[in-house]
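Q: For reference, the structure I am asking about is given below.
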Ligand SMILES: [Fe+2]
Ligand SMILES: [Fe+2]
């Protein structure tokens, strides 16, 4: 498993949780809380490791900085909506609205990341480095602070 596989597998997990969240009703408060917690536990460390390590390497070593800054900006928006979701009551219509917006945002971001960002990254992460980077990425995820940042 190289860093591209690790990132893609994280994406699949997050997309699945958002899909499950979208199919809940305001009556399923407990389930919504559990899914939101699981989403935050998966999404936050992932974004942290990308920002602190993966994107950082791309900013330092490639000329395609615009693609990376766009991704960073999308993370910022995702964190805002994630924070709104935490604040919304689970039985409120706003919860479902925030969930839908976050799902669309994540899907768009993941799509760009797996195409445009990965294309940039493959210029600096050759086979050997991409493989070593998988370990580093997982370590960075563990260093992620618990709250939204
Ligand atoms: Fe990602
Ligand atoms: Fe990302």
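Q: With the condition kept exactly as written, say whether any residue in the stretch 31-43 is in contact with a helix residue (DSSP H, G or I) (Cβ under 6 Å, 6 or more places away or on another chain), part of a loop (DSSP other than H, G, I, E, B) and either over 22 Å from residue 133 (Cβ atoms) or more than 16 Å from ligand 2 (Cβ to nearest atom) (or both).
A: No, every residue in the stretch 31-43 fails to be in contact with a helix residue (DSSP H, G or I) (Cβ under 6 Å, 6 or more places away or on another chain), part of a loop (DSSP other than H, G, I, E, B) and either over 22 Å from residue 133 (Cβ atoms) or more than 16 Å from ligand 2 (Cβ to nearest atom) (or both).
Q: Separate question: So residue 89 passes all but one of these: (1) crowded, with 18+ Cβ neighbours inside 10 Å; (2) not in a helix (DSSP H, G or I). Which condition number does it fail?
A: Looking at each condition in turn, residue 89 falls short on (1).
Q: Give me the residue from the stretch 8-17 that is within 14 Å of ligand 2 (Cβ to nearest atom) and in contact with a helix residue (DSSP H, G or I) (Cβ under 7 Å, 6 or more places away or on another chain) and, out of that set, farthest from residue 49 (Cα to Cα).
A: 15
Q: Keeping to the stretch 95-143, report how many residues are free of Cβ contacts under 8 Å to residues at least 40 places away in the same chain, more than 16 Å from residue 57 (Cα to Cα) and more than 13 Å from ligand 2 (Cβ to nearest atom).
A: Final tally of qualifying residues: 4.
Q: Scanning for something part of a helix (DSSP H, G or I), modelled with pLDDT of 95 or more, within 15 Å of the chain's Cα centre (by Cα) and closer than 23 Å to residue 141 by Cα, does the stretch 59-68 turn up at least one residue?
A: yes
The values are calculated or read from the model by the stated rules, or taken from the named source; none is laboratory data. This one's a predicted model, so the numbers in the text were calculated from it and none came from an experiment. Note that each Cβ is placed from the backbone with ideal geometry, even for glycine, and that neighbours are counted across all protein chains shown.
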